[in-house]
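Beneath this line is the structure, given in structure tokens, with notes to follow.
Just so you know, all these numbers are worked out from the coordinates, no wet-lab data involved. Values in this document were obtained by computation on a predicted structure and should not be read as measured data. Methodologically, a virtual Cβ is constructed for each residue, glycine included, from the backbone with ideal geometry; neighbour enumeration extends over all protein chains shown.
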Amino acid sequence: MLEDSFGVKVELVERWDTSGAEHRGQVMRTISVAALGLFGLVVSISGCGAGPTTEEVPALSAEMSGASADAPGSSLKDDLVGTWGLSSVELRDAAGLLLPPPEAPGFGSPGAIGLLICDTAGHIGLAIMQQNRPKYEQPTPEEAMADLEGYTAFFGTYTVNETDGLVTAHIQGSRDPRLTGTEQTRAVEVLGDRLTVEVPLSASGVQPTLVWERLPEIAELTPTHRRVIGFWKHVPNEGDTVDDPLLRPGFIIYTSTGRMMVHLMSPGRDTYAAGGPTPEEAQAAVSSYTSYFGPFSVDEAGSYFVHHRVGHTLDLTDRPQSERRTGLDTDGQRFYEFVDNRMVLRFLSTAGVKPPPSSGEAEWGGMITWERMSPGPG
């Protein structure tokens, strides 16, 4: 049994079980005023002007060089590698006074959960979800506007400036289309199992700081854990091409802490005509990016994973819409097959756990193929 920082208890599955993950409703306090991009990049939803650009940020002081308190002299790059759970987001004014959090589901409202994953090869994924988000299958423009702050996500690569204690994310895809293809640099500090990310003081006089806690490793990894752990990119299924059907760029990530994360983005997404989206532009942005995260478990005998999706861009569950709770009751079963450096995931339904199909009987609800980008733990 493992218990994750979101309050979800998960067992390695040894038999078919439909009970799903247990959620205890643990609340984490976070503070902010606007949608956050990379490590806390403040992106105003309204306003005008050009899209985001790489910003100059001050170097950290010598005390914040990124060296781990448990391993003096280690590199910032080494210290950054791992799986991090969101602990808090503090927002202060120009005088250093703490600002109150917004109401949910505004970004920074109480109860937010999130994951940040970095590997040794320089790949990165981030997802943060607020509570009390709108429920929808296909959002109206107004629902999409309300939900833009409710879920933040991006994937890509990162580089480290060891001398100045800076990390730059090269964003390949983001739920906010303005960030796709940009580079964002932030000052960071790693002390032991705590990662602090400082965002420069904004023009409005707001200074955000995000704090992440390193999540513990699984004590004993199964053979399938060792096979799946790492970053994978979406590639065409056998018989398909990049153009038919159009490939959705994205990552799937499994970690040795027993967590996983998915990002999938429609190709050719448009950014906003002005600095912030119209309701219709928000609808297009929200509808063209899928992400979820949470613990995962392995059924070795049945050859399937269960993704315990505590956070999801969609309210994806087989329950009636009136009974849905975003981020809860959304276990997803995925039957796996490994072929060389590729992994094929098949499912019977978008949510829920069903008995493994007998040989030759399966009528799959869908499949998706991933190609390994980084090695597992060995």
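Worth pointing out:
- Oblate is the label for the range 198-269. Its Cα gyration tensor axes, ordered a ≥ b ≥ c, give a/c of at least 1.5 and b/c at or above a/b.
- With the highest mean first, a sort of the peptides 278-289, 113-124 on other beta-carbon atoms found within 10 angstrom per residue produces 113-124, 278-289.
- In this simple spin-label model, placing a label point 7 Å from the Cα along the Cα-to-Cβ direction at both Leu191 and Glu103 gives a separation of 3.6 nm.
- The Cβ shell under 15 Å around Ile368 holds other residues with a net charge of +2, Lys and Arg each +1, Asp and Glu each -1.
- Peptides 334-342, 365-373, 252-260 ranked from most to least packed by the mean count of surrounding Cβ atoms within 10 Å: 252-260, 365-373, 334-342.
- Proximal charge balance of Ile229 [Cβ under 12 Å; K/R count +1, D/E count -1]: +2
- Long-range HN-HN contacts of Met373 with modeled amide H, under 5 Å: Phe231, Trp232, Lys233
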